[in-house]
1. Name the residue, out of F100, F67, F38, whose mean-square fluctuation peaks in a Gaussian network model built on the chain with Cα pairs under 10 Å.
2. Running Debye on the range 1-94 with equal point scatterers at the Cα sites and no solvent, what base-10 log of I(q)/I(0) appears at q = 0.25 Å⁻¹?
3. How big is the gap, in Å, between the Cα center of the range 76-152 and the Cα center of the range 19-49?
4. Compare the Cα positions of T167, S119, L177 along the charge dipole of the range 104-180 (+1 at Cβ of Lys, Arg; -1 at Cβ of Asp, Glu; about the Cα centre) and return the one farthest towards the positive end.
5. In whole Å, what are the extents of the range 60-124 along the principal axes defined by its C-alpha atoms, from largest to smallest?
6. How much area per residue is accessible in the chain when the probe is 1.4 Å and only protein heavy atoms are counted (Å²)?
7. So how do 81-89, 52-60, 157-165, 39-47 stack up, highest first, on mean other-Cβ count within 10 Å?
8. With all protein chains present, how much of the accessible area of the chain (probe radius 1.4 Å) comes from carbon and sulfur, to the nearest whole percent?
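The values are calculated or read from the model by the stated rules, or taken from the named source; none is laboratory data. Keep in mind it's a predicted model, so treat the numbers as computed, not measured. Cβ: placed from backbone, ideal geometry, glycine included. Neighbour counts: every protein chain shown. Accessible surface areas use protein heavy atoms only, side chains included; no ligands, DNA or RNA. Shrake-Rupley method; radii C 1.70, N 1.55, O 1.52, S 1.80 Å.
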Amino acid sequence: MRLIPKDEGFFELFGQLAEKLTASSALLVEMLKHPDHFERYVAQIKEIERQCDEVVRTVIRRLDSSFVTPLDREDIHLLASRIDNVVDLIDGTARRLRIFDVRSVMAAAGPLAEVLHRSAENVAQGIRGIKDRASVVQCSETAKRLEEEADAIYSEAVGLLFRDGSTPMDVIKWKALYDDMEAAVDECEDVANVLESVSLKNS
């Protein structure tokens with residue numbers, strides 16, 4: 001059964017945001033594998049973040065001009081904003097890596113970025129399946145599992161910073177970087193929760 005039959009334009013815009021989300025998270029994974037090419041990845045992620053902002057502005061303009069919307073206006077705005085938050089955090093992580101002049105990537109950074117990318121892909125799948133209640137429920141359940149996986153990696157990684165003799169500067173740098181990535185995974189779960197709320201309202 002189709003939950004939301006009207007105004008496909010908003011769903012197309014959500015699909016574009018989903019693409020920006022997965023593209024930026026994939027680039028962050030690759031960036032951490034190639035510390036000698038941070039500048040290139042920072043520029044690419046920043047461009048995606050800029051494009052994401054433009055799509056969000058388009059969503060807002062469409063809300064202002066649409067008399068009837070397929071979802072509650074507040075839900076449309078919240079969903080777009082939550083997705084944008086994740087991309088912003090990914091962009092922030094990439095910029096911190098460059099600003100901190102990271103030359104050697106900590107072992108836990110790659111796995112944490114991988115979980116973030118899987119979270120982004122899961123959210124993107126949920127966004128594309130927003131009209132299918134079962135798909136949204138699956139997205140929410142997976143988001144929770146991935147958030148728990150990220151928490152475990154984060155806790156071990158931060159603990160290791162204080163146990164392995166890292167310099168105070170490395171502790172400051174990597175704690176901030178881990179915080180950004182873990183927060184991005186949390187935001188992905190928030191997107192999944194918004195999707196589930198929207199699905200419940202429209203089922």
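1. Result: F67 has the largest fluctuation of those listed.
2. At q = 0.25 Å⁻¹ the computed log10 ratios are -1.20.
3. Comparing the Cα centres of the range 76-152 and the range 19-49, I get a distance of 14 Å.
4. Going by the Cα projections, it comes out as S119.
5. Computed over the range 60-124, the largest-to-smallest principal extents equal 53, 25, 12 Å.
6. Working: 9610 Å² over 203 residues.
Result: 47 Å² per residue.
7. Working: 81-89: 21.9, 52-60: 17.6, 157-165: 12.9, 39-47: 15.9.
So the peptides 81-89, 52-60, 157-165, 39-47, ranked by packing, come out 81-89, 52-60, 39-47, 157-165.
8. Details: 5000 of 9610 Å².
Here it works out to 52 percent.
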